[in-house]
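To start, the structure under review is shown below, and the notes come after it.
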Amino acid sequence: MRFRPAKVLMALPAYNEQESLPELLERIGEAFADSRLDYEVVIVDDGSRDDTAKIATQMSRQMPIHLVRHTVNQGLGITIRDALREAADRAGERDIIVTMDADNTHPPGLINRMVQSVHEGCDCVIASRFQPGSRVVGVPVERYFLSYGARALFTLLFPTRGVRDYTSGYRAYRASVIRNGFDRYGDNFVGETGFSCMADILLKLRKMGCVFGESPLRLRYDQKGGDSKMQVFRTIWLTLKMLGRHRVKGL
């Protein structure tokens, strides 16, 4: 057939997510059953010491899952990089790549709306905590202030049309844009090792002239399984260093 529907490739970085992953994968399967979109889940297990990889393998009998494993833990940035590259390699020209956290805090029901925004002309759609209709439930106060502080700083230094939430990890990308990013920057397309990697990707897409949009996010931190892996003060420091490099070198 000359025309075919776009496929969605979920790129999930996972580290010790045995408590969250089963329910998240169930919710992803239900969301795609409701939307009738073709999909595949790419999970990169970052050297987990629990049953994360075993759960992904078991669930692959019920839904399309492609599992990649790091033998040792390498950090979120490298895991996101490998998940995006693997998804881009498996994607067609019209396909869409969605990243989200594997801790069950992001609602898969939002994927259909984000995909539609890509079809309507966006290159990157961010599930935003700062759009009308968004809601944040159960987030620790230090992370709440981190999000607002990051928004203020990025808006001041790198104002970007269509973007209010610069650090959200829940995004939908046109697959061709991700491929172009790797062609232009190589592995340095995701040059940060920690949680600042999401802002790093966005600033590089900004330099590439991408069109951004946002959808309101209902962040359910109360549904999170296990402890947070973010070190807040380290994340702040790494983000400030990353911003300095972008300002000085114009990456």
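Per-residue extension of 0.36 nm, minus the Cα-Cα distance of residue 71 and residue 135, leaves a gain of 19.3 nm for this segment. Between region 10-35 and region 136-156, the alpha-carbon centres lie 25 Å apart.
For region 50-173, the Kirkwood hydrodynamic radius comes to 16.7 Å, computed from all pairs of different C-alpha atoms. Count Lys and Arg as plus one, Asp and Glu as minus one, and take only other residues whose Cβ is under 10 Å from that of residue 223; the net charge is then 0. Counting only Cβ charges, +1 for Lys and Arg and -1 for Asp and Glu, the dipole size of the chain around its Cα centre is about 980 debye. Counted by Cβ distance under 12 Å from residue 77, the other residues give a net charge of -4, where Lys and Arg count +1 and Asp and Glu count -1.
Per residue, the accessible area of the chain comes to 48 Å² when a 1.4 Å probe rolls over the protein heavy atoms. Which one, 59, 198, 100, has the greatest fluctuation when you compute a Gaussian network model over the chain with C-alpha springs under 10 angstrom? Per the Cα network of the chain with a 10 Å cutoff, 59 tops the list. Per residue, the convex hull around the alpha carbon atoms of region 1-113 comes to 101 Å³.
If one computes the Cα centroid of region 41-76 and of region 80-99, what distance in Å separates the two points? The two parts, judged by their Cα centres, are 16 Å apart. Under 16 Å of direct C-alpha separation, and excluding same-chain neighbours fewer than eight residues apart, residue 224 reaches these aspartates and glutamates: 17, 19, 23, 26, 101, 103. Subtracting the Cα-Cα distance of residue 120 and residue 3 from 0.36 nm times their residue separation leaves 40.4 nm of extension gain.
Multiplying the residue separation of residue 30 and residue 152 by 0.36 nm and subtracting their alpha-carbon distance yields 40.3 nm. Highest mean first, the peptides 31-43, 11-23 sorted by other C-beta atoms within 10 Å per residue fall in the order 11-23, 31-43. Using a simple spin-label model with pseudo-atoms 7 Å out from Cα toward Cβ, residue 50 and residue 161 lie 4.4 nm apart. Label-to-label distance for residue 37 and residue 62 is 2.1 nm, based on points extended 7 Å past Cα in the beta-carbon direction. Electrostatic tally near residue 53: other residues with Cβ closer than 11 Å to its Cβ, Lys and Arg +1, Asp and Glu -1, net -2.
Given R₀ = 35 Å, what would the calculated FRET efficiency be for residue 89 paired with residue 218, taking r from the Cβ atoms and rounding to 0.05?
FRET efficiency, residue 89 to residue 218: 0.65.
A quarter of the convex hull surface defined by the alpha-carbon atoms of region 127-202 gives 6.0 nm² as the mean projection.
The values are calculated or read from the model by the stated rules, or taken from the named source; none is laboratory data. Just so you know, these numbers come straight off a predicted model, no measurement behind them. We place every Cβ from the backbone using ideal geometry, glycine too, and count neighbours over all the protein chains shown. For accessibility, only protein heavy atoms count, side chains too; no ligands or nucleic acids. Shrake-Rupley method; radii C 1.70, N 1.55, O 1.52, S 1.80 Å.
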